[in-house]
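Contents: one structure, followed by commentary.
Bear in mind that the values in this text are calculations on the coordinates, not laboratory data. None of these values were measured; they are calculated from a predicted model. Using ideal geometry, Cβ is built from the backbone for each residue, glycine included, and neighbour counts are taken over all protein chains shown.
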Amino acid sequence: MFTKPIMFSGALRTMNGSIDIAKLNQLFSALSPPPVLPEKPVATSGFTVIAQSRIDGLLALKSGQFDFSKLVRLCEELNTVYGNGCFLATIMTTRAILDHVPPIFGMKDFPNLVAQYPCPRSFKETMQGMETSARKIADLHLHGQIRKQESLPAAQQANFSHGLDLLLSEIIRIMQ
């Protein structure tokens, strides 16, 4: 409760003496500007899923065919959500990356990338693991309906950094 009366200037009063709410809102807006969102998302912990060197590598790519800005932003946001303990968002962002990159490899979707991209066996097997594990975990959390009791993901369930690193390194390699 206020102990002192609030004083309003005459400019805030209408002809009949009531307070002009529009002018009052304008005053409050000028006193407290809206928050400015950072240009890049920022993780609170020191651990990142995507190495900064990979993000830098993506930023350095020049292509007339692809704009990598969304991929870079997905990687930055993945680091942020993981670093803040947002493991559902981490899983969903990982899935978004897998769905986003196949055209870079000349494929329409990630299962085709896994099946048809000409690559060493170790790369293919790692991407198969991403398809069967990361995608299925994401499907579970994205499409699962509310239940009487939930089991939320832990950091280990959400972390696909090894496969993502290999995928991003291949993108950088083929696009340089």
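Just a few scattered comments:
- Length gained when the stretch residue 86-residue 145 is fully extended (0.36 nm per residue, less Cα-Cα span): 19.4 nm
- Pairs exceeding a 28 Å alpha-carbon distance, out of 40/124; 108/148; 70/136; 62/136; 108/136: 40/124; 108/148; 62/136.
- You can think of it this way: the chain between residue 112 and residue 155 has 12.6 nm of extra reach, that is 0.36 nm per residue less the Cα-Cα gap.
- Charge dipole magnitude, Cβ of K and R +1, D and E -1 - the stretch 58-141, Cα centre, debye nearest 20: 140
- Rounded, prolate or oblate (a/c below 1.5 giving rounded, otherwise prolate when a/b exceeds b/c) for the stretch 56-155 by Cα gyration tensor: oblate
- Relative contact order %, the stretch 62-176, counting alpha carbon pairs below 8 Å whose residues are six or more apart: 31
- For the stretch 148-157, putting each phi into the Karplus relation 6.51 cos²θ - 1.76 cosθ + 1.60 with θ = phi - 60° gives couplings of 4, 9, 9, 10, 7, x, 9, 4, 5, 5 Hz, in residue order, rounded to whole numbers and with x for Gly and Pro.
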